[in-house]
Amino acid sequence: MTQKHKVGSAVLGIDIGGSGIKGAPVDIATGALLAERVKLETPQPATPEAVAQTVQELVAHFSWQGPIGCTFPAIVHHGVTLSAANVDKSWIGASAQQILADAVGQPLLLLNDADAAGLAEVTFGAAKGVAGTVIVLTLGTGIGSALIVDGRLVPNTEFGHLQLKGAAAEKYCSAKIKDEQDLKWKEYAQRLNEYLNHVELLFSPDLIIIGGGISRKHEKFLPELKLRARVLPAALRNDAGIVGAALAVAHAGMC
Ligand code: BGC
């Protein structure tokens, strides 16, 4: 499918993950995808140059001309990727936003993947209109986090790297660890409960939102959790990154 889009309330959202790079044009007023989303395989090794090439292919697929929002699964500080827990180490210290913008020849904003999910949830999902402190946690290969205080995102919180049992919490209770260690739902819920209690002790959130692919099965583990805070599954599942990336562009005044 090839189609032209005019610059307006539409922004191309791209979500870079360890196995796939997904994208679709997004109506930022409603959060609706304006075309079927496209997923390309993440190149291996996923070096900045190789990923930039795949992002460029995605942009070309939509014949996109206009602003682009793009997520990345690491700390993104003023366009520079500062960590690489689950991606190629060559991203550490790379001017990632510039590299991707140069590759596609369009204005492009890069942000952390969980921060994008947080923006999507606070604008259109489970955190919409919620006052106080909201923490969105995405359980996947790692654990991503977004901290939202009275509707405003505090970026790059990295709560998946809080220390638990002598290591990063994401090594104890990410969805990948559940699979790798073949944990039953009950065991997994116990681990998650330990982690979330720690998060609760440190931040006293009013609401915790659980996202990531595993949140599709939220009824298997959310009822087991014992927390003071309210806990809800994410409302925007697979598209949270794409929609949030597009919203970030609007927040930055790029469209
Ligand atoms: C990274 C975060 C990312 C999360 C989810 C973690 O390992 O450090 O930046 O948001 O994985 O992809």
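Which of the residues that make up the range 85-106 are at pLDDT 95 or above and hydrophobic (A, V, I, L, M, F, W, C)?
Answer for the range 85-106, where residues must be at pLDDT 95 or above and hydrophobic (A, V, I, L, M, F, W, C): 91, 92, 94, 96, 99, 100, 101, 103, 104.
Starting from residues that are farther than 20 Å from residue 208 by Cβ and more than 14 Å from the ligand (Cβ to nearest atom), keep the ones in the range 166-182 and report whichever is nearest to the chain's Cα centre (by Cα).
Among them, the one singled out is 179.
For the range 158-183, name all the residues that are among the hydroxyl-bearing types (Ser, Thr, Tyr) and either surrounded by fewer than 21 Cβ atoms within 10 Å (Cβ to Cβ) or touching a residue at least 40 places away in the same chain (Cβ under 8 Å) (or both).
The answer is 172, and nothing else.
Can you work out which of the residues in the range 68-105 that are in contact (Cβ under 8 Å) with a residue 60 or more places away in the chain and away from the ligand (no atom under 15 Å from the Cβ) is surrounded by the fewest Cβ atoms within 10 Å (Cβ to Cβ)?
That would be 68.
Yes/no per residue for (1) touching a residue at least 60 places away in the same chain (Cβ under 8 Å); (2) within 16 Å of the ligand (Cβ to nearest atom); (3) not in a strand (DSSP E or B):
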position: 23; (1), (2), (3): yes, no, no
position: 26; (1), (2), (3): yes, no, no
position: 31; (1), (2), (3): yes, no, yes
position: 36; (1), (2), (3): no, no, yes
position: 43; (1), (2), (3): no, no, yes
position: 49; (1), (2), (3): no, no, yes
position: 53; (1), (2), (3): no, no, yes
position: 58; (1), (2), (3): no, no, yes
position: 64; (1), (2), (3): no, no, yes
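For the range 199-214, what are the residues that are modelled with pLDDT of 95 or more and either of a type in the set (Val, Ile, Thr) or over 23 Å from residue 151 (Cα atoms) (or both)?
Passing the criteria: 199, 208, 209, 210, 214.
The values are calculated or read from the model by the stated rules, or taken from the named source; none is laboratory data. The structure presented is a predicted model; accordingly, all values stated were derived computationally and were not measured. Cβ: placed from backbone, ideal geometry, glycine included. Neighbour counts: every protein chain shown.
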